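The values are calculated or read from the model by the stated rules, or taken from the named source; none is laboratory data. These numbers come from a predicted model, not from an experiment. Counting neighbours? That spans all protein chains shown, and the Cβs are built from the backbone with ideal geometry, glycine included.
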């Protein structure tokens with residue numbers, strides 16, 4: 001008996017691998033999804049069984065959302081996972097009511113909407129990560145970099161999606177123009193590519209000093225066909241009349257926005273990973289507080305900064321991450 005106890009101490013039994021179903025609002029190739037999945041795995045390790053169901057709501061028409069959600073629910077019933085992750089607003093909106101009636105622990109992430117909208121804060125088997133882009137820090141950064149004028153006017157343009165609306169309501173609940181210090185902001189939400197191009201190319205003539213390009217993933221052409229996000233942001237980069245900044249890490253690059261103080265999907269996924277880890281170790285989801293991103297990342301495109309002849313302060317340049 002003593003030998004057995006000694007053996008158990010010296011060779012502890014490893015925790016069993018868990019089956020984790022990640023239901024994602026978007027698609028496998030979407031960079032935000034890639035980043036948060038990597039963040040989750042960086043905390044939990046690769047020994048668990050990760051399964052994915054993609055709703056693809058950036059690309060399919062809204063009339064198909066319910067069918068996509070039904071397919072994800074069927075995948076859940078067939079798999080019977082130990083834990084479910086709901087990624088981003090559409091997955092949470094479409095499936096939270098079903099999962100709150102289950103006994104399966106649920107960790108959500110990427111929620112732009114107030115959790116009270118879905119009563120999630122009262123779901124005993126739920127906890128998660130709120131997505132709160134660091135808008136004010138990004139806007140203050142651009143104000144700091146563009147020193148030609150004391151008073152500035154920025155155009156903030158997003159696609160006209162529910163995610164975009166929920167995100168922007170954090171700055172201006174009514175989406176009306178606002179002033180922050182000596183910077184005034186106008187908001188445009190459009191998913192029409194013709195309107196998008198007019199706003200981007202005409203921003204300088206309209207009196208703006210910079211553009212903030214947020215989400216651009218539900219833009220369509222005149223016939224209603226969805227345009228690849230890469231095509232929209234590449235056109236924007238080539239035709240912008242002013243420097244254009246972003247709020248998310250995946251929007252920065254050689255053929256994208258030139259930089260910003262951005263929300264990092266990898267770090268966001270790590271927040272969720274830590275909550276999942278606590279649940280797998282025995283914590284009740286309802287006992288874990290909702291968390292949100294407090295820290296962002298200075299991220300810049302070398303070619304973009306050079307194109308617009310912007311000089312970064314030394315302190316920011318040293319701490320920044322660079323792409324291309």
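Observations
- Selection status of residue 256, more than 30 Å from residue 120 (Cα to Cα) and at pLDDT below 95: no
- Some residue of the range 10-29 being more than 25 Å from residue 169 (Cα to Cα), assigned to a helix (DSSP H, G or I) and without any contact (Cβ under 8 Å) to a residue 60 or more places away in the chain: yes
- The range 243-255, residues that are buried (at least 18 other Cβ atoms within 10 Å of the Cβ) and more than 18 Å from the chain's Cα centre (by Cα): 243, 244
- Test: residue 167 is surrounded by 20 or more Cβ atoms within 10 Å (Cβ to Cβ) and in the same structural domain as residue 235 (by TED's automatic domain parsing): yes
- Scanning the range 190-203 turns up at least one residue that is more than 16 Å from the chain's Cα centre (by Cα), modelled with pLDDT of 95 or more, assigned to a strand (DSSP E or B) and outside the structural domain of residue 29 (by TED's automatic domain parsing).
- Enumeration of residues in the range 272-287 that are surrounded by 16 or more Cβ atoms within 10 Å (Cβ to Cβ) and in contact with a strand residue (DSSP E or B) (Cβ under 8 Å, 6 or more places away or on another chain): 272, 275, 276, 279, 280, 285
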